[in-house]
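Here the structure is laid out as structure tokens; the discussion comes afterwards.
The values are calculated or read from the model by the stated rules, or taken from the named source; none is laboratory data. What you see is a predicted model; the values in this text were computed from it and never measured. Neighbour counts are summed over all protein chains in view; Cβ atoms, including those assigned to glycine, are modelled from backbone coordinates with ideal geometry.
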Ligand code: FES
Ligand SMILES: [Fe+2]
């Protein structure tokens, strides 16, 4: 890929203008956006670094001294909870000769020690020791080495409730603006009352964008037959409108239930997520551009962070959150299990096609194969159900086509 490669070079001008037309006349992203390695590399360069990508759940580093290595847009980073308990993100690259500092999940760290020549960094990134660098024990008494300039390089990061986001190029709008549509949408839901109850990663053979292309309820009664049993679960047969209204809101797309029902009935008497006095409970399921999803039911949160590994491989990092002790108390184990079984299937395995997640992934894996066909360049959207998909796909190409802002 040359430096000058653009989205238009890969997808063609015609495909971009077809995507940008009003939904009823538009055609969706062509197959190459899902199958081409070149497009995947362009996303790593011109999509993820420019926005706020979600990289982890805060609970992935629960205690001070916990650190994990991650890849974000092809770049190695460290997620750490420092000694004060604050989450920090650094480039996982030693300032001496670019060894990787953290290579596996760690606990009880007091400092980072580079495995190559033992340069040591505090968990807040400051370089503390460069042993024998200049032949002396402290490594910098003979040579004028300014340790204060050689700390680990921080990545711009934001923690929103249970989620950690990063902006790799440092130029995105403030995170609060990025997440504001979701903040407004959830109407004060007290997410801080929820705690992690289940965490799991599933790898599947498809492009990460399929997760967000799936933010419609049109497929419910065919793909999730065991949960959504009749069309009237998802469509108001009198008005012809979906019961979960698709609402594109800039950096967020959502499906918001119109009535007082959850997406599906809850699994028992789990405690409800609190809302402030006088504020109406909201049920919605949203994508925060580009790669995080959050489903807000009455009694739990279900979230997925898509971790794109290749054009045709993605890890879904899944987190399920319940209110207070209901997240961990054995007294609620059966109810949690019933809730999780809806999402993950009765066995909780990716091959178990009985859960909402695994049923969706099966479709996406097959869609990934179909996307190789030239016929897959012609995609038709339903203006009733698929506004979110049209919006998301336009956002992908808009971000990637924007002029460089630095
Ligand atoms: S590369 Fe890290 S100490 Fe040498
Ligand atoms: Fe689905």
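When the range 252-282 is filtered for residues that are under 25 Å from the mean Cα position of the chain (by Cα), crowded, with 21+ Cβ neighbours inside 10 Å and in a loop (DSSP other than H, G, I, E, B), the ones remaining, listed by number, are 263, 273. Condition test on residue 229, is it part of a loop (DSSP other than H, G, I, E, B) and at negative phi? So residue 229 passes the test.
No other residue among 353, 342, 357, 336 is at pLDDT below 95, part of a helix (DSSP H, G or I) and assigned by TED's automatic domain parsing to the domain that holds residue 293 apart from 342.
Every residue, every condition in (1) closer than 30 Å to residue 359 by Cα; (2) crowded, with 18+ Cβ neighbours inside 10 Å; (3) free of Cβ contacts under 8 Å to residues at least 60 places away in the same chain, yes or no:
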site	(1), (2), (3)
130	no, yes, yes
144	no, no, yes
160	yes, yes, yes
168	no, yes, no
212	yes, yes, no
224	yes, yes, no
231	yes, no, yes
237	yes, no, yes
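Residues in the range 360-406 that are part of a loop (DSSP other than H, G, I, E, B) and more than 22 Å from residue 218 (Cα to Cα) were compared, and the one that is nearest to the chain's Cα centre (by Cα) is 402. For the range 33-49, the criterion of being outside any loop (DSSP other than H, G, I, E, B) and closer than 30 Å to residue 195 by Cα is met by at least one residue. Checking each residue in the range 74-95 for being loosely packed, with under 15 Cβ neighbours inside 10 Å and within 16 Å of ligand 1 (Cβ to nearest atom) picks out no residue at all. Of the listed requirements (1) outside any helix (DSSP H, G or I); (2) modelled with pLDDT under 95; (3) out of contact with any helix residue (DSSP H, G or I) (no Cβ under 6 Å at 6 or more places or on another chain), residue 218 misses just one: (2). Scanning the range 367-387 for residues that are closer than 28 Å to residue 256 by Cα, in contact with a helix residue (DSSP H, G or I) (Cβ under 8 Å, 6 or more places away or on another chain) and surrounded by fewer than 19 Cβ atoms within 10 Å (Cβ to Cβ) yields 367, 383.
For the range 96-108, the set of residues classified as more than 10 Å from ligand 1 (Cβ to nearest atom) and either without any contact (Cβ under 8 Å) to a residue 40 or more places away in the chain or crowded, with 18+ Cβ neighbours inside 10 Å (or both) consists of 102, 103, 104, 105, listed by residue number.
Against the definition (farther than 28 Å from residue 36 by Cβ, buried (at least 21 other Cβ atoms within 10 Å of the Cβ) and within 22 Å of the chain's Cα centre (by Cα)), how does residue 336 come out, yes or no? So residue 336 does not fit the description; no.
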